[in-house]
Structures are given as structure tokens and as C-alpha cells.
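Only the coordinates and a few stated rules stand behind these numbers; no lab work does. Keep in mind that what you see is a predicted model, and the values were worked out from it rather than measured. Please note: Cβ atoms are built from the backbone with ideal geometry, for glycine as well, and neighbour counts cover all protein chains shown.
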Amino acid sequence: METWRIIITIILMTFSLVDLSATYYYVNKYLKWQPEKPYKLIENNPLLVFLWKTFGFHLGMFIGSTIILSSIYIISTRAHPIVVLLLTMLLTFALFNHYQNINLLNKLIEKYPTGHLPESTFGVVEGNNLK
């Protein structure tokens, strides 16, 4: 295997592990704050949402991580370099979004520790905690 492929595979696997870890942290923290919030309103990845609904959060996360990490490995070792570059850019974007979303969630939890978001400010919020 070419040296650049090995390096990019290590980078992509690391990015993917960090992305999956940040997803786990974010969703877990969100569910502790608003336990009735549907998964589909917390996470955009349809594979993870399906697996969480089907197998529960922890087992679904394990299965999803296995599928995603395997896919990332296969793509990074066999796909055309442009596809690998696009995947790298997408994972970088995802990590940036995690950073922003976790900071926003922390601010919301700090401002509304009960998990109840006022309707006058946020409108009707699905999965909102009762007062």
C-alpha cells in the first residue's frame, strides 16, 4: 500500500473515532437533559438513529460504530483519491459541527437546567421536559 494511503487511513480512522465519540457524548448528554427527545431530533445520521431505535442507544452505537469504521477503512484504502479527499472534508466539517453543537448544548443546559424550554422563546419543542 502506498505511504499516503496509510497516512490518510490513520487520519480518517482517527477523525471517525473522534466523531463517533463526540456523537456518543453529545447524544448521551442531551438525553440526560431531555430524556423524551426523539433520536431523530438529536442526530442527523439515519443509520445511527435506526440502530438506536432498534437496539437501544449503547448497543446501537456499538453496531453503528463497527459499520461506520469498517466503511471508512474500506473507502480510505480503496477509493479514488478524490473520494478520500471528500470524505476527509466531510469528517472535518462534522467535527467542527460537534464542537459548535456541544458548546450550544452546554449553554442551553446552563440556562435551562430543568430541560424545559419556554414556549414563548422556542415555540413548541418536541420532547420538552414538563415544568
- Item | Percent RCO, i.e. relative contact order, over the chain, from Cα pairs under 8 Å lying at least 6 residues apart | 36
- Query: What distance in nm separates the simple spin-label points at Leu108 and Glu36, each placed 7 Å from Cα in the Cβ direction?
  - Reply: 1.6
- In deg cm²/dmol, rounded to 500, what helix-only [θ] at 222 nm does the chain give when every DSSP H run of at least 4 residues adds -39500 (n - 2.57) and the total is split over its residues? -25500 deg cm²/dmol
- Message: Please rank Tyr73, Tyr112, fewest neighbouring Cβ atoms within 10 Å first, as an exposure proxy.
- Response: Tyr73, Tyr112
- Query: Hey, fewest Cβ within 10 Å first, where do His98, His80, His116 land in order?
  - Reply: His80, His116, His98
